[in-house]
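I have placed the structure first, in the form of structure tokens, so that the comments after it can refer back to it.
The values are calculated or read from the model by the stated rules, or taken from the named source; none is laboratory data. Please read these numbers as outputs of a predicted model, since none were measured by experiment. Reconstructed Cβ throughout: ideal geometry from the backbone, glycine too, with neighbour counts over all protein chains shown.
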Amino acid sequence: MTFISAQSASVKIAFTKMHGLGNDFIVLDNRSNMITLTEVMIRHICDRHLGIGCDQLVLLSNPTLEGASVRVQFFNPDGSEAGACGNASRCVAKFIGHNPVIETQNGLLPTFKEGELYRVVMGVPKLAWQDIPLSHEADTAHLPLYDGAACSMGNPHLTLFRPIKEAALLGPELEHHALFPQRANIGFAEILSPTHMRLRVWERGAGLTLACGSGACAAVVNAARRNLVKRKCTVTMEKGDLQIIWEENGPVHMIGPAETVFTGQILMDQAV
Ligand SMILES: N[C@@H](CCC[C@H](N)C(=O)O)C(=O)O
């Protein structure tokens with residue numbers, strides 16, 4: 001991969017390709033402070049035709065908060081930064097090892113290896129309209145938008161209780177709806193039983209993905225608020241399941257797999 005500049009020097013950046021239930025990531029470890037990324041570079045690396053391709057680029061750096069093992073930033077393929085990414089957080093737990101505490105825009109997220117799976121404590125969901133944020137006051141459990149419900153898991157999520165096949169149809173427009181000043185991730189949830197739902201998510205800045213961890217947390221929170229499911233619920237997505245547990249007056253736990261696919265090097269021509 002080459003990024004051309006008038007005067008340039010080649011730099012090799014090591015990367016690891018990972019995924020959580022098919023939600024795929026490029027992990028760059030910048031704990032040595034050697035990598036400088038621009039938005040253009042992020043878009044290029046994430047491009048499935050011109051770069052490596054992924055749903056999110058995950059940048060690791062040295063922690064700034066006490067108690068954190070590593071700082072993590074999540075970038076969408078359109079170059080925008082997201083406050084949370086559940087599936088990538090499990091991958092980071094696997095990448096770092098030894099149950100790291102992950103520092104994100106949404107605070108410190110403890111992680112735990114449980115057998116072959118990883119648990120991430122995703123934080124307390126935000127339910128107030130200002131915190132999602134919405135552009136005006138509204139009942140976030142019953143929005144005047146397909147009777148959906150919204151919450152923030154560190155990033156904004158709208159959940160619609162509608163067939164998952166509508167995700168590709170309605171997602172693109174709703175991501176940019178005027179109700180969401182920071183855009184939103186749009187989940188389509190089919191309730192199968194009080195402890196099981198099927199979910200498909202149109203992700204902000206990424207489009208239709210095979211799985212969305214924060215979207216699964218948000219879907220269980222939004223469905224539980226409406227007594228459609230219990231606080232402990234299995235979320236089935238295209239490539240498998242996540243277990244979601246929402247503690248009473250507390251955080252949401254997400255449990256699921258994380259996989260390493262391959263490692264490689266990005267060759268960049270950087271300006272000198
Ligand atoms: N795939 C993620 C969510 C990634 C961020 C999202 N697209 C946003 O912009 O908020 C997950 O597993 O949570």
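Return the residues of segment 204-254 that are surrounded by fewer than 18 Cβ atoms within 10 Å (Cβ to Cβ), within 16 Å of the ligand (Cβ to nearest atom) and either at pLDDT below 95 or of a type in the set (Lys, Arg) (or both); say none if nothing qualifies.
If the condition is that a residue be surrounded by fewer than 18 Cβ atoms within 10 Å (Cβ to Cβ), within 16 Å of the ligand (Cβ to nearest atom) and either at pLDDT below 95 or of a type in the set (Lys, Arg) (or both), then LYS239 is the only one that fits.
Considering only segment 58-98, state which residues are in contact with a strand residue (DSSP E or B) (Cβ under 8 Å, 6 or more places away or on another chain), assigned to a loop (DSSP other than H, G, I, E, B) and within 11 Å of the ligand (Cβ to nearest atom).
Hits for segment 58-98 are ASN76, PRO77, GLY83, ALA84, CYS85.
State the number of residues belonging to segment 127-141 that are surrounded by 13 or more Cβ atoms within 10 Å (Cβ to Cβ) and either in contact (Cβ under 8 Å) with a residue 40 or more places away in the chain or within 13 Å of the ligand (Cβ to nearest atom) (or both).
7
Kindly indicate whether PRO110 is more than 12 Å from the ligand (Cβ to nearest atom), within 21 Å of ASN249 (Cβ to Cβ) and surrounded by fewer than 20 Cβ atoms within 10 Å (Cβ to Cβ).
In short, yes.
Would you be able to tell me the number of residues in segment 38-57 that are among the acidic types (Asp, Glu) and either assigned to a loop (DSSP other than H, G, I, E, B) or on the phi > 0 side of the Ramachandran plot (or both)?
The qualifying residues number 2.
Any chance segment 149-168 includes a residue that's farther than 26 Å from SER69 by Cβ, surrounded by 20 or more Cβ atoms within 10 Å (Cβ to Cβ) and without any contact (Cβ under 8 Å) to a residue 40 or more places away in the chain?
Yes, that holds for at least one residue.
Within segment 219-247, track down each residue that is assigned to a loop (DSSP other than H, G, I, E, B) and farther than 14 Å from SER193 by Cα.
Within segment 219-247, GLU238, LYS239, GLU247 qualify.
Which one is farthest from ALA88 (Cα to Cα) among residues in segment 173-218 that are among the acidic types (Asp, Glu) and not in a strand (DSSP E or B)?
Once the filter is applied, the top-ranked residue is GLU173.
What's the number of the only condition in (1) near the ligand (Cβ under 10 Å from one of its atoms); (2) in contact with a Pro (Cβ under 9 Å, 6 or more places away or on another chain) that VAL124 fails to meet?
Going through the list (1) near the ligand (Cβ under 10 Å from one of its atoms); (2) in contact with a Pro (Cβ under 9 Å, 6 or more places away or on another chain), VAL124 breaks only (1).
Hey, can you tell me all the residues within segment 150-187 that are more than 12 Å from the ligand (Cβ to nearest atom), in contact with a Lys or Arg (Cβ under 7 Å, 6 or more places away or on another chain) and closer than 17 Å to ARG198 by Cβ?
Scanning segment 150-187 gives ILE164, ALA167.
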